Amino acid sequence: MTTIIVVEPHAILRMGIVQLLSSVEPDINLEGFDYSSLTQPHAEQRQSDLVLLSVCVAEDVDDLIDATQRRYDPRSIILLSENNNVQARIRPLPKLVAGHVLKNAAPEVLQASTRLVLAGGICFPPSPSWTASEAERNLVQYEEAKWALAESAPRPLKKACEESAMLGLTPRQYEVLVLLARGYPMKMVGRHLNISVATAKAHTETLYQRLNVHNRNAAVYAAISRGAKLGWASIGGNPDLNQNDEDKSAA
């Protein structure tokens, strides 16, 4: 069973987030608490798969993350905030932090971000004030720590053509994005798609332009925000990845 903890000081907002996330996994234990749960003197440490941690002031982030780790021992943390001050701060976020979602984001973005992090990915929105170099410096640092390389290339989605069209990408650009989303370096992208590294880089730059982003993290965030699954069976409802096998079994 997947355990998700929501730490939000405002009761109404906390209840709304809990309700919103109740359908992200079929077998889920979802609980909400305020900040007082992080400082209970005799509370036993609990293990969790994911904590959505609300932060208000960038200066408080480190203390809240440390308290969350001691209390709930999460595999990953998604920060919730009202602005990008969390990402714009000088000190890098701990590797435990796998995502950041703005509180004014669409509900679908929070759901997709949660599914993405549970699937092993990361999700950080680009800041409108960042230049391309600033975005790369602030976002790319999380990639190596959070994306595990798959042993083999992911099988294409049954509806990959529809998904690539939805994103405004060619099928080849979509294939490159799927591999980038799993942390594949450019050499492995080229190897799996049987293209040169230069061609892989060209496809990458073009898909960045079409998604209006500057790096892979922002590209993944933009894609899932628009409803893309990028090959993850756990993102969205029905796992299209296994549909072909099911069809064969039924036959």
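Rule-based calculations on the coordinates, nothing more; no lab input. None of these values were measured; they are calculated from a predicted model. Here Cβ is always computed from backbone atoms with ideal geometry, including for glycine, and neighbour counts include all displayed protein chains.
General observations
- Among 219-228, 175-184, the peptide with the highest mean count of other Cβ atoms within 10 Å heads the list, and the full ranking is 175-184, 219-228.
- Peptides 35-48, 202-215, 16-29 ordered by average Cβ neighbours within 10 Å, highest first: 202-215, 16-29, 35-48
- Geometric extent, Cα atoms of segment 49-113 - Rg, Dmax (angstrom): 11.3, 30
- Take every Cα pair under 8 Å whose residues are at least 6 apart in sequence, average their separation, divide by the length of segment 3-100, and the relative contact order is 27 percent.
- Shape class for segment 22-69: oblate, because the ratio a/c of the largest to smallest gyration tensor axis (alpha-carbon atoms, square roots of eigenvalues) is 1.5 or more and b/c is at least a/b.
- Peptide ranges 187-200, 92-105 listed from the most packed, as the mean C-beta count within 10 angstrom indicates: 92-105, 187-200
- Classified by the C-alpha gyration tensor, segment 1-117 has a rounded form. Its axis ratio a/c, with a ≥ b ≥ c, is below 1.5.
- In this calculation the C-beta distance from ASP60 to LEU20 is compared with R0 = 22 Å, giving a FRET efficiency of 0.35.
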